[in-house]
Amino acid sequence: LELEEALTTALARKEFVLYYQPVHDVASGRLIGAEALVRWQHPEWGLVSPNEFIPLAEETGQIVEIGARVASEAARQIRAWTELGLEPGVVAINVSSRQLARGHFPAFLRSVIEENGIEGHRLEVELTESSLLALGERTTDLLREIRETGVQLAIDDFGTGYSSLSYLRRFRVDKLKIDRSFVNELQVDGGSLGIVKAVIAMGQAMGLQVQAEGVELDSQLDTLARLGCDSFQGYLRAAPMPAEQFQKLLGASQ
Ligand code: G
Ligand code: G
Ligand code: MN
Ligand code: NA
């Protein structure tokens, strides 16, 4: 209850900020975008990780308001960078099933895009396999309506949930993000190599982009390059960083 009240206060005081983790093209190494990750800048507790408050916010429903702030802020930032003559690429945001289930998420996205005057394809929405399943019958329509806004769709943590081939055919998405647990074990466990190989091959066969998460080692990146993975993020290149720092990277890369 205390944390719930603290989150309400945090919303009122606008204490949520976005960090950006750079996303790079595997083949060329070029910077092609970022994943926006929320943090809570608490006046006494300092920077609070989303792991500490997203689960509760999902339970209380506060995730809807937090998620709305995240989407608006990402769009505002894309606009600001574009106006500075920078090319931010595609910025991904994480969206919980509760956010999707409530109200009119596609219409909300559309208004965010229009109010900030950005192109829809500048934004990417990351959904997990479990949120897709949680929505049941409504998923197909919701995904179609999201794609109609021009926003790209990615399946986050791919491979950790119910990774079914039939839903990949049914639900049209643009990208699969290979969960970092598989990338992490690439060099130690033959099983993970097989999974990563299979996901990349499947993505290619279905015309989907494949992005690896949590790349920490050169050897992991080498393997991903050899297998034809499209893009990656991870500590090897950069951890999530404040907007100003990402802006410097954008400036330096162009
Ligand atoms: O950013 P970090 O590095 O600590 O993220 C921890 C977890 O919090 C991840 O699973 C990530 O998907 C989730 N997360 C980060 N930002 C958001 C957000 O804006 N909305 C939702 N729903 N989850 C987020
Ligand atoms: O669940 P999701 O994939 O949205 O969350 C991404 C999480 O992974 C964030 O907590 C982010 O800080 C973290 N992360 C990003 N790159 C790396 C990495 O190279 N190694 C590890 N261990 N975590 C990472
Ligand atoms: Mn994510
Ligand atoms: Na992930």
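Report the extension gain between Q245 and R102 in nm, rounded to one decimal, defined as 0.36 nm multiplied by the number of residues separating them, less their alpha carbon distance.
48.1 nm
Under 8 Å for C-alpha pairs, at least 6 residues apart: give me the relative contact order for the chain, rounded to a whole percent.
20 percent
How large is ³J(HN,Hα) for each residue in the stretch 10-25, as worked out from phi by the Karplus curve 6.51 cos²θ - 1.76 cosθ + 1.60 (θ = phi - 60°), to whole Hz, x for Gly and Pro?
4, 5, 5, 8, 6, 8, 8, 10, 9, 9, 10, 9, x, 10, 10, 6
Quick one: Cα convex hull volume of the stretch 86-131, Å³ per residue?
72 Å³
If you plug each phi of the stretch 57-64 into the Karplus form 6.51 cos²θ - 1.76 cosθ + 1.60 with θ = phi - 60°, what whole-Hz ³J(HN,Hα) values come out, in order, with x for Gly and Pro?
4, 5, 5, 7, x, 5, 4, 4
Checking the a/c ratio against 1.5 first, then a/b against b/c, what shape does the Cα gyration tensor give for the stretch 2-253?
rounded
Mind ranking 74-80, 157-163 by how tightly packed they are, going by the mean number of other C-beta atoms within 10 angstrom, highest first?
Going by the mean number of other Cβ atoms within 10 Å, highest first, we get 74-80, 157-163.
Can you give the extra length, in nm with one decimal, that the chain gains between Q187 and E148 once fully stretched, where that is 0.36 nm per residue apart less the Cα-Cα distance? Each step should come with its number before you reach the end.
Values: separation 39, 0.36 × 39 = 14.04 nm, distance 3.99 nm.
That works out to 10.0 nm of additional length.
For the stretch 109-120, take each phi angle, set θ = phi - 60°, evaluate the Karplus expression 6.51 cos²θ - 1.76 cosθ + 1.60, and give the result in whole Hz per residue in order, putting x for glycine and proline.
The phi angles translate into 4, 4, 5, 4, 5, 5, 4, 9, x, 10, 7, x Hz.
Can you give the calculated 222 nm mean residue ellipticity of the chain, where each DSSP H run of n ≥ 4 adds -39,500 (n - 2.57) and the sum is split over every residue, rounded to the nearest 500 deg cm²/dmol? Spell out each step's value before the answer.
Details: 12 runs with 124 residues, N = 254.
One gets -14500 deg cm²/dmol as the mean residue ellipticity at 222 nm.
Projecting each Cα onto the charge dipole of the stretch 1-107 (Lys/Arg +1, Asp/Glu -1 at the beta carbon, about the Cα centre), which of Y19, S49, S72 comes out farthest on the positive side?
After comparing all options, I get S72.
What is the fewest-to-most order of D222, D230 by other Cβ atoms lying within 10 Å of their Cβ?
Ranking D222, D230 by Cβ neighbours within 10 Å, fewest first, gives D222, D230.
Indicate, rounded to the nearest 5 percent, the antiparallel portion of the DSSP beta bridges found entirely in the chain.
45 percent
Search the structure for amide H atoms under 5 Å from the amide H of V48, placed 1.01 Å from N in the peptide plane, and list their residues when 5 or more places away or on another chain.
W40, Q41, H42
Any read-out appearing in this document is the output of simple, stated calculations on the displayed coordinates, not a laboratory observation. This structure is a prediction, so every number in the text was calculated from the model and none was measured. All Cβ positions, even for glycine, are placed from backbone atoms using ideal geometry, and neighbour counts span all protein chains on display.
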